[in-house]
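Enquirer: Here you go, one structure.
What follows is calculated from the coordinates using simple rules that are stated; it is not laboratory data. Because the structure is predicted, anything quoted here is derived from the model rather than measured. We place every Cβ from the backbone using ideal geometry, glycine too, and count neighbours over all the protein chains shown.
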């Protein structure tokens, strides 16, 4: 289900624009509020729904299975590390889900920009950025040629 | 410069009655533009429909006393301190611009209606407040314009790109900036520059107050109403259809130990 923005609730902070992996959350040029420019291209990852601090983003079901009258609302509570979903069906039935979303306190994970820039030699390495320290291990496990053949 | 009344110096060429009539016309443009905006966008209709729906969906009714308390809290928190902004820089810039505009407008009205000529000496504080208000608008406004504006900060557009959403902030900044430069030109005694700048200042100010149906000016009236409605919806537990707040899990984010929903 692609997402859409309630423009009256949006305060134009840009969180959804920053987080959208499909780059389809943009800022309206008349009201300076966010909107989904291309719902067809929405990955339905719901990153924007979960990130919105104003709870201004909702999911709109496809017309063939979720006709008018349904709603999908999300409440993220970072201080509890939970996310709650309230699904309302057209016939009035309601389902509520609460799920944990983090194992560490909110904002305790360093942002990529807070790490030191890798050296030019790092480009020659097979390891990804900040491996293996970021994985909290000394070295990455490797396979011997024999283990590789055994599969 | 900060203690000189720019409107008193202007009274030698423009009669005070004309200046006062201009201010009245600007006030009427604000009132008329806001009413036209409400009618054109049907925002009042949307607001009251939403209000009725929230009341119907609410688990409890809100009494008059509680509603008054919520209105006071909305005024103190959302309106006076702009607490709805999660970005603290944006909040600070908004507060600077908002209070700057209020001080600037009130000081303009006092100067034009009570001290329009050099014959009535003005207390130093009033022109000082006019200049401080304009400076606060410039500080908050240019900070927002170049660094915080979401289409620049998040979308990566050029700070110099102009769209319709910029009409309010551009005309406000132009009015405050040109007002300050006009006051400076008068203070240094450059008559030609002062006349040209006065013309530009009047154009910017007229656009600011006359473009309400197309600009974001009237958000200052709509936003408090929306914030009040949000508080009402929280209080009557309709919560804009949002889920109820979750119980705090016994173990913080214990995904492995709680593989099912808790």
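Enquirer: Decide, for the stretch A:3-100, between rounded, prolate and oblate: order the square roots of the alpha carbon gyration tensor eigenvalues as a ≥ b ≥ c, take rounded if a/c falls under 1.5, and otherwise choose prolate if a/b is larger than b/c, else oblate. Could you put the intermediate results ahead of the total?
Expert: On the way: a/c = 1.80, a/b = 1.23, b/c = 1.46.
Oblate is the answer for the stretch A:3-100, as a/c is 1.5 or above yet b/c matches or exceeds a/b.
Enquirer: Additional query: Would you mind giving the three semi-axes, in whole Å and largest first, of the ellipsoid equivalent to the stretch B:7-119 according to its Cα gyration tensor?
Expert: Calculated on Cα positions only, the semi-axes equal 39, 20, 14 Å.
Enquirer: Related question: Relative contact order for the stretch A:3-100 using alpha-carbon pairs under 8 Å, separation at least 6, rounded to a whole percent? Spell out each step's value before the answer.
Expert: Numbers: 170 pairs, mean separation 21.9, N = 98.
Relative CO of the stretch A:3-100 lands at 22 percent.
Enquirer: Same structure, new question: Quick one: among B:45, B:248, B:91, which has the greatest mean-square fluctuation in a GNM of chain B with alpha-carbon springs under 10 angstrom?
Expert: Between B:45, B:248, B:91, it is B:248 that shows the largest mean-square fluctuation.
Enquirer: Estimate the FRET efficiency between residue A:97 and residue B:68 by the formula 1/(1 + (r/R0)^6), using the beta-carbon distance for r and 51 Å for R0, to the nearest 0.05.
Expert: Working: r = 37 Å, r/R0 = 0.72.
Efficiency, rounded to the nearest 0.05: 0.90.
Enquirer: For the stretch B:21-170, what relative contact order do you get, as a whole percent, if you take Cα pairs closer than 8 Å and at least 6 residues apart? The partial results should precede the final answer.
Expert: Numbers: 79 pairs, mean separation 29.0, N = 150.
It rounds to 19 percent for the stretch B:21-170.
Enquirer: Here's something else I'd like to know. Could you work out [θ]222 nm for chain B from helices alone, using -39500 (n - 2.57) per DSSP H run of at least four and dividing by all its residues? Round to the nearest 500 deg cm²/dmol.
Expert: Computed ellipticity for chain B at 222 nm equals -21000 deg cm²/dmol.
Enquirer: Taking only the C-alpha atoms, wrap a convex hull around the stretch A:81-128 and report its volume per residue in Å³ as a whole number.
Expert: 151 Å³
Enquirer: Roughly what would the spin-label model give for residue A:43 and residue A:90, points 7 Å off Cα along C-beta, in nm?
Expert: If labels sit at residue A:43 and residue A:90, their model points lie 3.1 nm apart.
Enquirer: With each label point set 7 Å from Cα along the Cα-Cβ vector, what nm distance links residue A:108 and residue B:59?
Expert: For the pair residue A:108/residue B:59, the computed spacing is 3.0 nm.
Enquirer: Specify the angular offset, from 0 to 90 degrees and rounded to the nearest 10, of the alpha carbon long axis of helix B:64-73 from the longest principal axis of the alpha carbons in chain B.
Expert: 60 degrees
Enquirer: On a 0 to 90 degree scale, rounded to 10, what angle separates helix B:125-143 from the longest Cα axis of chain B?
Expert: 50 degrees
Enquirer: Once the Cα gyration tensor of the protein assembly as shown is found, what semi-axes does its equivalent ellipsoid get, as square roots of 5 times the eigenvalues, in whole Å, sorted largest first?
Expert: Largest first, the protein assembly as shown gives 50, 30, 19 Å.
Enquirer: Continuing with this model, one more query. Based on the Cβ-Cβ distance of residue B:20 and residue B:247, what FRET efficiency does E = 1/(1 + (r/R0)^6) give at R0 = 56 Å, to the nearest 0.05?
Expert: Once the sixth-power term is evaluated, E becomes 0.35.
Enquirer: Report the Cα-based extents of the stretch B:1-59 along its three principal axes, largest first, to the nearest Å.
Expert: Per principal axis, max minus min of the Cα coordinates gives 63, 25, 13 Å.
Enquirer: Please label the shape of the stretch B:109-194 as rounded, prolate or oblate, based on the square roots a ≥ b ≥ c of the eigenvalues of the alpha-carbon gyration tensor (a/c under 1.5 means rounded; beyond that, a/b larger than b/c means prolate, else oblate).
Expert: Prolate shape, in that a/c is at least 1.5 and a/b is the bigger ratio.
Enquirer: Hey, what does the equivalent ellipsoid look like for the stretch B:6-238, semi-axes from the Cα gyration tensor as sqrt of 5 times each eigenvalue, largest first, whole Å?
Expert: On the way: eigenvalues 276, 86, 58 Å².
One finds semi-axes of 37, 21, 17 Å for the stretch B:6-238.
Enquirer: Also: Angle, helix B:88-114 long axis vs. longest principal axis of chain B, Cα atoms, 0 to 90°, nearest 10?
Expert: 40 degrees
Enquirer: Work out, step by step, the length gained on full extension between residue A:120 and residue A:144: first 0.36 nm times the residue separation, then minus their alpha carbon distance; give nm to one decimal. Before the final figure, lay out the partial values.
Expert: On the way: separation 24, 0.36 × 24 = 8.64 nm, distance 2.81 nm.
Full-extension gain reported as 5.8 nm.
Enquirer: Which whole-number percent is the relative contact order of chain B (Cα, under 8 Å, 6+ apart)?
Expert: Computed value for chain B: 29 percent relative contact order.
Enquirer: Here's something else I'd like to know. Averaged across the residues of B:236-247, what count of C-beta atoms belonging to other chains lies within 10 Å of each residue's C-beta?
Expert: 6
Enquirer: Specify the residue with the greatest mean-square fluctuation among B:37, B:166, B:151, computed from a Gaussian network of chain B linking alpha-carbon atoms under 10 Å apart.
Expert: Comparing B:37, B:166, B:151 in the GNM, the peak value goes to B:151.
Enquirer: Based on the Cβ-Cβ distance of residue B:158 and residue B:195, what FRET efficiency does E = 1/(1 + (r/R0)^6) give at R0 = 22 Å, to the nearest 0.05?
Expert: Efficiency computed from Cβ-Cβ geometry: 0.10.
Enquirer: Over the alpha-carbon set of the stretch B:153-198, work out the extent along each principal axis and list the three values in angstrom, largest first.
Expert: 45, 16, 13
Enquirer: From other protein chains only, count the Cβ atoms within 10 Å of every residue's Cβ in A:81-88, then give the mean. Intermediate results must be reported in sequence, preceding the final value.
Expert: Numbers: counts 8, 10, 2, 6, 1, 5, 1, 1.
The mean count of partner-chain Cβ atoms within 10 Å per residue comes to 4.
Enquirer: Considering all projection directions equally, how large on average is the shadow of the alpha-carbon convex hull of the stretch B:57-125, in square nanometres? Mind showing how you got there, number by number?
Expert: Working: hull surface 32.7 nm².
Across all orientations, the stretch B:57-125 yields a mean hull projection of 8.2 nm².
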